[in-house]
Structure formats: structure tokens, C-alpha cells
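S.K.: Before I ask anything, let me first share the structure, which is written out below as C-alpha cells.
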Amino acid sequence: MFVSYICTKKFPFTIMLKELISSQTCAKCRFCCTFDSSDAWELPVIDGQLAQTSALQHCRFDVKNSVCKFAPQYNSEGLFACPMLTENGCRLGDNKPFDCRLWPLRVMTAGNYYLLTLSPNCPATSQHSLTTIIEFIEKHNIAQIAFDNAQQHSQALHHYIDGYPVFAIKKITNKEL
Ligand code: SF4
């Protein structure tokens, strides 16, 4: 059923993730859209057409990698809210970056492998059992969809970080390198 989404940019992770975390919970929390210096590496990487065509405020275009990255300007509490964050959530809607659509799940890399991991920092997901999360990932075939989309968002991938539970692994093929 989800095969048709694999090659599209707007695969419906956001819709699927709502099964685990309600929109209301996300809207109240905003944790994943606010950063301090320790998690600045999680700032969204805007790629594809959105990076090329939009003049996003505070977003610096990286010509070499064809991506846009926000330059954090921390407030007096040491926090930087993503400029795309509004009272009603992300202004990018369904065009939000790959990492944001997938979060709190993440595709990370370790050597020649993609890993589907889960951020241990999401307050809402941490209320679910691992079994619930595994069943959710399997039900929606999320690992395959995430891995199949990973190559076109390679600038948004991060090296594996200890402590992130791993739910699936895929060897990166020569074609994807
Ligand atoms: S791009 Fe949108 S979803 Fe991603 S961090 Fe910014 S406000 Fe949040």
C-alpha cells in the first residue's frame, strides 16, 4: 500500500506518526523545533526544491551541497527556536524537511549501513513501550520507506549516536554511495 509513496518527496510520515503522537501534543511541546548548543546538530537541513527556491529567513544556502541551513541565534536562555515554527506549528507544513517529517525517528549512518533509530529525547514517544513503537514501524513499513528516501536526503543524515535504539538496518548499496 505504501509503495507508491517511496519515490515521492512527500511520503506521509507526518500522517503516520500522528498515530503515535497527536497533533495537539506536538503543538504544545515544540521540543523538537527548539535547539540549544548541544543539539544544534539536529537543526533541520532543507534540501531539494525548497532549498533552491525559497528565501527562508535566517537560512544560509550551502552552494556545495545545495542545502539550506539555519544559523542559530540563541536567546538569553541559550535556546534557538526554528524560524519556521509558528503558533500553529511548522509553517512549511507537508514540505517540512526529511528529518522533521520523520522525527522522533531518524535515519543515521554507521559505516556502509543505514540505521532506523529513535530519538530518546522525544517526551511523547518515550511514553510508549518499545513494543508499541516496533509494531507501529512494522505496520507502516517505515524502515523501507525511510531507507528508500534516505539517499536523496543524504545531507540530512547523521552518524550514529550511542544510546539511540536501532529498529532496522540496511546496507548502503554501491548505487546509493
Ligand atoms: S522546519 Fe518545521 S518541523 Fe522542522 S524544526 Fe523547523 S519548525 Fe520544526
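Every read-out reported here was derived from the displayed coordinates using simple, explicitly stated rules and does not represent laboratory data. The model shown is predicted, which means the values in this text are computed figures rather than measured ones. Cβ sites come from the backbone with ideal geometry, for glycine too, and all protein chains shown count toward neighbours.
S.K.: Where does the charge balance sit around Y74 when Lys and Arg score +1, Asp and Glu -1, over other residues with C-beta under 13 Å from its C-beta? Walk me through the numbers on the way to the answer.
M.R.: Numbers: positive: none; negative: D36, D39, E77.
So the surrounding residues net to -3.
S.K.: Among the listed pairs K64/K96; K28/K171; K69/K139; K18/K171; K28/K64; K28/K170, which are separated by more than 31 Å between their Cα atoms?
M.R.: As for pairs spanning more than 31 Å Cα to Cα, those are K28/K171; K69/K139; K28/K64; K28/K170.
S.K.: Next up: Name the residue from S129, S154, A40 whose Cα lies farthest towards the positive end of the charge dipole of the chain, charges +1 on Cβ of Lys and Arg and -1 on Cβ of Asp and Glu.
M.R.: So the residue furthest toward the plus end is S154.
S.K.: In whole Hz, with x marking every Gly and Pro, tabulate ³J(HN,Hα) for region 85-101 from phi via Karplus 6.51 cos²θ - 1.76 cosθ + 1.60, θ = phi - 60°.
M.R.: The phi angles translate into 7, 10, 4, 9, x, 6, 6, 7, x, 5, 8, 4, x, 3, 4, 5, 5 Hz.
S.K.: Starting from the Cα-Cα distance between T173 and S23, subtract it from 0.36 nm times their residue separation and give me the gain in nm to one decimal.
M.R.: 50.4 nm
S.K.: Once amide H atoms are placed 1.01 Å from N in the peptide plane, what residues at a sequence separation of 5 or more from H158, or on another chain, have their amide H within under 5 Å of its amide H?
M.R.: T109
S.K.: Under the Karplus relation 6.51 cos²θ - 1.76 cosθ + 1.60, θ = phi - 60°, what is the ordered set of whole-Hz ³J(HN,Hα) values for region 37-42, x standing for Gly and Pro?
M.R.: Residue by residue, region 37-42 yields 5, 6, 10, 4, 5, 8 Hz.
S.K.: How long is the gain from D36 to A71 if the chain were fully straight, where each residue apart is worth 0.36 nm and the alpha carbon distance is subtracted?
M.R.: Length gained between D36 and A71: 11.4 nm.
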